[in-house]
Amino acid sequence: MAQTTTTTTALKSPESLIRERPRVGRFALAMRRLRRSPVGLIGAVIVVAVVIAAIFAPALAPHNPTRLQLGRRFLPPVWMEGGSWAYWLGTDQLGRDIWSRILYGSQISVFVGVASSIFSGIIGVLIGLVAGFYGKLVDSFLSRVVDTFLAIPFIVLALAVAGVLGPGLLNLIIVLTVTGWVTYARVVRGEVLAVKERDYIMAARVIGQQNWKIALSHILPNVAASVIVLTTLNVATTIIAESSLSFLGLGVDSRTVTWGSMLADGREHIATSWWMATFPGLAITITVLGIIFVGDWLRDVLDPKMKE
Amino acid sequence: MGHYLLRRLLQMIPVLIGLTIIIFGVTRLRGDPTYQFVQADASQEEIDAVRRAYGFDRPLLEQYLVFAAGVLRGDFGESFRFRQPAMPLVLERVPATLTLTLSALLVAWLIALPTGLISALRQNSAIDLTATGISVIGRAMPNYWMGIMFILLFSVQLGWLPVSGTGDWRNLVIPSLTLGLGLATTLTRLIRSSMLEVIRQEYITTARAKGLGEWALVFRHALRNCLISVVTVFGLQIGWLLGGAVIVEQVFAWPGMGRLMLQAVYTRDLAVIQAGVFVSALLIMVINLIVDVSYTLLDPRIRY
């Protein structure tokens, strides 16, 4: 769809283009495109819902997510025999309310996903910028570093780091940052290489601007669009990674409610209580799906060139 | 060909060196690793003794060189838990992991090749839209959760297959289906887009103009060219496959390398963790090399 728009505008006279431009701001344009993209809209609704769930979990959750009620163990969902509206998604092996735990679990997913995406973004963008901008020896050195990190499967490296650091929120973010920066570095390096030879960069060099100033004020804005899209999609990947590590018992400490640890409990009791493993998994899938939809939509809006 | 292989092997050297640095560095993330080798209530003398025994009192560079020399000999030290060298322990588990990943690979290709081809040739048909929809959902689903849902369906509800463990081929079905489906979603998308590109080429139009039937056209002319670009991207997915195997092995109690590493992580068995990371990375590098060499089979124009 983006392509059709480009062709039609290309046919218009330059004057009409200039006249048209100030009428719609970038934000308004993005919103207009969002209305036209049902998938993006669904994604946005999901993401907003998950963020609200994470922030207002204490107010929204009907029960205390960690309170043990041994008399109410393994209650099935409301539509099954023995289920009740008070615990509409059922309870787990310790009588804890699944719905309340899903609401609270979103906190860790959202926080860890966003925080480690931002941290790995900062590190990856800096390394990619330096590699692409300085080129030569610096570039070949940094590229070998990237190659090496790519040779280790993400989860294997994460296991090793988590094994040394032990569980904990901060350690989890460190693990996901150590493994997550590589994608950013590769993409940014490639884009910098493409932008670097353009005339206006040459012009900035000619008038004697310093390297870091050129990198920050002329090159960085050009890679911003891809970085925003990458960060969004990286939040999705990170949420899956966080849940995997929590599932394996390597996430935050065992008292904190996470979707991954709920799934680990669900795996234990799969033969008798299917709901324990089903609903947390659905929560992850729907959340990740929403973020991917938003990411794809952002890519169409910000950076139509960057299709898969 | 010989030259090419030699060059590729030489290119692996810096990556291998980098690998040893990362593996060494990870174990030093918390500074002095001595405390990972002693009991919590150890006396200062005991701690010092352990520190000297493992050489943690030497300069960092010296420690690294000793470690790297060990790696060259395939020696990662002794496993804390098993009281035997770590490397053989890891190598022992490699066949189980390879069995799992190769059968997953087979599942992935068996599903993705027909689906991808039909989706491309019948663009926007019901099959195409269904396949695209499923692959979007597959992208969002954690792999291990899919595995748990398969257990629910095939073992608990239908009672067809065992929940976990090893023994006969029936134990392999759900794990390889779980791991393979995750890969199949990506692979289907790759094959579809590559095929769409290939069938717009002029030689395909020519072949069609001379009256060749559609399936002969696909298999005799289009498929090979379509697969070349698929295989390139596919090499990058091998790492994902091996990483995914770690979790799938844990879900299904499959006795592979991943499960061993995970147990090593739980017991802080550093030597096994290090050997495991090294072997996984080495496997990925070797498989990628094989993928690159296999180009010559697909495309006679490529000569090394």
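The values are calculated or read from the model by the stated rules, or taken from the named source; none is laboratory data. It should be emphasised that the depicted structure is a prediction, and the values quoted were computed from it without experimental measurement. Methodologically, a virtual Cβ is constructed for each residue, glycine included, from the backbone with ideal geometry; neighbour enumeration extends over all protein chains shown. Surface accessibility is based on the protein's heavy atoms, side chains included, excluding ligands, DNA and RNA. Shrake-Rupley method; radii C 1.70, N 1.55, O 1.52, S 1.80 Å.
Quick one: among B:ILE137, B:ILE199, B:ILE21, which has the greatest mean-square fluctuation in a GNM of chain B with alpha-carbon springs under 10 angstrom?
B:ILE137
Can you compute the modelled spin-label distance between B:THR132 and A:ALA59, with each label point 7 Å from Cα toward Cβ, in nm?
Rounded to a tenth, the inter-label distance reads 4.1 nm.
Can you tell me the orientation of helix A:38-55 relative to chain A, as the angle in degrees between its alpha-carbon axis and the longest Cα principal axis, to the nearest 10?
The answer is roughly 60 degrees.
How far apart, in nm, are two points set 7 Å out from the Cα along the Cα-to-Cβ line at B:LEU212 and at A:THR66?
6.7
Tally Lys and Arg at +1 and Asp and Glu at -1 over the other residues with C-beta under 13 Å from the C-beta of A:GLY40: what net charge comes out?
Values: positive: A:ARG32, A:ARG33, A:ARG35, A:ARG36, A:ARG299; negative: A:ASP296, A:ASP300.
Surrounding charge for A:GLY40 is +3.
Please state the shape class of chain A: rounded when a/c is under 1.5, otherwise prolate if a/b exceeds b/c and oblate if not, all from the C-alpha gyration tensor.
Working: a/c = 3.19, a/b = 1.65, b/c = 1.93.
Note, shape of chain A comes out oblate.
Say R0 is 51 Å: what FRET efficiency, to the nearest 0.05, do A:LEU169 and B:GLN123 get from their beta-carbon distance?
Details: r = 47 Å, r/R0 = 0.91.
According to the calculation, E is roughly 0.65.
Applying 1/(1 + (r/R0)^6) with R0 = 35 Å to the Cβ-Cβ distance of A:GLU81 and B:LEU110, what FRET efficiency is obtained, to the nearest 0.05? Don't skip to the answer; put the middle values down first.
Working: r = 41 Å, r/R0 = 1.16.
Once rounded, the FRET efficiency stands at 0.30.
Give me the net charge of B:PRO88's neighbourhood, meaning all other residues with Cβ under 15 Å from the Cβ of B:PRO88; Lys, Arg count +1, Asp, Glu -1. Mind showing how you got there, number by number?
Values: positive: B:ARG73, B:ARG81, B:ARG83, B:ARG93; negative: B:ASP75, B:GLU78, B:GLU92, B:ASP269.
Result for the local shell: 0.
Which FRET efficiency, nearest 0.05, do A:GLN209 and B:TRP169 yield, Cβ-Cβ r, R0 56 Å? Don't skip to the end; give the middle numbers.
Working: r = 67 Å, r/R0 = 1.19.
Computed FRET efficiency for A:GLN209 and B:TRP169 comes out at 0.25.
Take the Cα atoms of region B:2-73, find their three principal axes, and give me the spread along each one in whole Å, biggest first.
Each principal axis gives a Cα extent; for region B:2-73 these are 58, 18, 17 Å.
Enter the accessible area per residue of the protein assembly as shown (Å², integer; probe 1.4 Å; all protein chains in place). Don't skip to the answer; put the middle values down first.
Values: 30240 Å² over 612 residues.
I get 49 Å² per residue for this part.
Specify the inter-centroid distance of region A:229-308 and region A:176-228, based on alpha-carbon positions, in whole Å.
31
Could you calculate the contour length gain from B:THR99 to B:LEU72, that is, 0.36 nm times the residue separation minus the distance between their Cα atoms, to one decimal place in nm? Please list the in-between numbers first.
Working: separation 27, 0.36 × 27 = 9.72 nm, distance 2.70 nm.
7.0 nm is the gain from fully extending B:THR99 to B:LEU72.
Given 0.36 nm per residue, what is the gain on full extension from B:ARG83 to B:VAL233 after removing their alpha carbon distance, in nm?
Details: separation 150, 0.36 × 150 = 54.00 nm, distance 4.13 nm.
So the chain would gain 49.9 nm between B:ARG83 and B:VAL233.
Let me check I've understood the local charge: for B:VAL38, count other residues with C-beta under 13 angstrom from its C-beta, Lys and Arg +1, Asp and Glu -1. What total comes out?
Numbers: positive: B:ARG51, B:ARG52, B:ARG268; negative: B:ASP32, B:ASP41, B:GLU45, B:GLU46, B:ASP48.
Residues near B:VAL38 contribute -2 overall.
Looking only at A:GLU197, A:GLU242, A:GLU268, which one moves most when chain A is put into a Gaussian network model with springs between Cα atoms under 10 Å?
It is A:GLU197.
With a 10 Å cut-off between alpha carbons and a GNM built on chain B, which of B:PRO14, B:PRO95, B:PRO162 moves the most?
Looking only at B:PRO14, B:PRO95, B:PRO162, the largest GNM fluctuation is found for B:PRO14.
Tell me the angle of helix A:274-302 to the major Cα principal axis of chain A, expressed in degrees between 0 and 90 and rounded to the nearest ten.
10
Computing the accessible area with a 1.4 Å probe over protein heavy atoms, can you report the carbon and sulfur percentage for region B:218-304? Each step should come with its number before you reach the end.
On the way: 2070 of 3180 Å².
It is 65 percent, rounded to a whole number.
How far, in degrees from 0 to 90, does helix A:154-165 lean away from the longest principal axis of the Cα atoms of chain A, to the nearest 10?
Its long axis makes an angle of about 70 degrees.
Would you mind computing, in nm to one decimal, how far apart the modelled labels at A:ASN222 and B:ARG200 are, each placed 7 Å from Cα along Cα→Cβ?
About 2.7 nm, to one decimal.
Can you give me the Cα centroid spacing of region B:205-245 and region B:279-299 in angstrom?
Here the two parts' Cα centres lie 18 Å apart.
Please sort through the DSSP H helices of chain B and keep those with an alpha-carbon extent of at least 20 Å along the long axis and a Kyte-Doolittle average not below 0.5. All intermediate terms of the calculation are to be shown ahead of the outcome.
On the way: long enough: B:2-27 (38 Å, 1.43); B:86-121 (51 Å, 1.60); B:126-140 (22 Å, 1.06); B:170-198 (40 Å, 0.81); B:223-252 (38 Å, 1.50); B:270-298 (42 Å, 2.12).
Helix filter hits for chain B: B:2-27, B:86-121, B:126-140, B:170-198, B:223-252, B:270-298.
Want the number for A:ARG35 to A:ARG144: 0.36 nm per residue separation, take away the alpha-carbon distance, what's left?
Working: separation 109, 0.36 × 109 = 39.24 nm, distance 4.37 nm.
Full extension of this stretch gives 34.9 nm more.
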